[in-house]
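Here is the structure we will look at.
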C-alpha cells in the first residue's frame, strides 16, 4: 500500500494550486457551473506517470491504456452512465441541448476523463485490488479518495451543504460502477474513460448545463446500477484468476 499512499500524497499536493485558483471564479460558459479548480483533471494522470516511472511500472500502465475489454462491458457502461442522468432529465422536464456545443464539449470531456482515469483506473485501482483482493473494498477506498479530491471543488460551486452531501453520495456510487465494470472487463482505462466522459456529457446535455441536475434523483437510480456493476465485476475478476 506504500505506492497507494504516495500516489495519494502526490495527487493531493499537486491539486492545491488548482483548489486555490478555484476560489477566484468559475469556468467560462458553457461550463460556468464548474469552478476553475475543475481544471485539475490532469493531476491524476501526471501523478500516475511520475509514480509509474519511478517504480518501473510504465509498461503496465501503458498496457492498461491499451486494454479495451469486451463489447458487452461497453454496452453495460453506456447504459449505466446514461440511465441515471436520463431519469433525472425526465424528472425535471429536460429540454433539447445545443448540439453544436455538445459536440465540442464531448472532446473536452474525453480529454478530462483521460486525465483522471489514467490515475484512478490505470494506476490506483489495480494496486488496491491487489492489496484488498476485493472489488467492493477497492471501490470503497478509491471512491473515498476520489471524494476527498472533489470536496473542495464541490464547495466552490456555491451549492448548499445538502447538495454537496447528495453529490458526494452520487460520486461514491459512480466510482463503484466504474470500478465494477472496469475490473470485470480486465482493468482497461478506455472503458473507464468512456463511462466518465459519457456521464459528464449527459450531465451537461440533459440537465441544461447542470441547472436542472438533482443529485438525489441521480443517486437513487445509480445505487442499484452500482450494486449490479460490483457484482458483475467481482464475478469477472474471479473468472480471470487462475485456478489451482
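Read-outs throughout are calculated quantities, based only on the coordinates presented, and are distinct from any laboratory measurement. Predicted model, so just to flag it, every value in this text is computed and none were measured. Glycine gets a Cβ as well: all are built from the backbone with ideal geometry, and neighbour counts include every protein chain shown.
Ordering 66, 6 by the number of other Cβ atoms within 10 Å of each residue's own Cβ, fewest first, gives 66, 6.
Each of 64, 175 has some number of other Cβ atoms within 10 Å of its Cβ, and from fewest to most they run 64, 175. Under a Gaussian network description of the chain, with springs only between Cα atoms under 10 Å, the residue in 28, 224, 126 that fluctuates furthest is 28. Please report the spacing between the Cα centers of the stretch 13-67 and the stretch 146-207 in Å, no decimals. A separation of 14 Å, based on Cα centres. Full extension of the segment from residue 104 to residue 20, taken as 0.36 nm per residue of separation minus the current Cα-Cα distance, would add 27.5 nm. Calculated mean residue ellipticity at 222 nm for the chain: -25500 deg cm²/dmol, from DSSP H runs with n ≥ 4 weighted as -39500 (n - 2.57), summed, divided by the residue count and rounded to 500.
Placing dummy labels 7 Å off each Cα toward the beta-carbon, the span from residue 228 to residue 79 is 0.5 nm.
Give the calculated FRET efficiency between residue 13 and residue 53 to the nearest 0.05, with a Förster radius of 25 Å applied to their Cβ-Cβ distance. That gives a FRET efficiency of 0.90. Principal-axis analysis of the Cα atoms of the chain puts helix 215-240 at an angle of about 20° to the longest axis.
Under 20 Å from the 7 Å Cα→Cβ point of residue 235, by amide nitrogen: which residues of the stretch 158-179? Once the point is set 7 Å along Cα→Cβ of residue 235, 176-179 turn out to lie under 20 Å by backbone N, inside the stretch 158-179.
Compared with the alpha-carbon gap, the fully stretched path from residue 136 to residue 151 is longer by 3.2 nm at 0.36 nm per residue.
Between 142, 99, 124, the Gaussian network model of the chain with springs among Cα atoms under 10 angstrom shows the greatest mean-square fluctuation at 99. The angle between the Cα long axis of helix 135-156 and the longest principal axis of the Cα atoms of the chain comes to about 30 degrees, rounded to the nearest 10.
Name the most mobile residue of 139, 232, 177, meaning the one with the largest mean-square fluctuation, in a Gaussian network model of the chain with Cα contacts below 10 Å. Most flexible of the set in this elastic network: 232. Contact order for the chain, expressed relative to its length and based on alpha carbon pairs under 8 Å spaced 6+ residues apart, stands at 30 percent.
Each residue in 85, 71 was given a count of other beta-carbon atoms within 10 angstrom of its own, and listing them fewest first yields 71, 85.
Can you tell me the orientation of helix 43-55 relative to the chain, as the angle in degrees between its alpha-carbon axis and the longest Cα principal axis, to the nearest 10? So the inclination is approximately 10 degrees.
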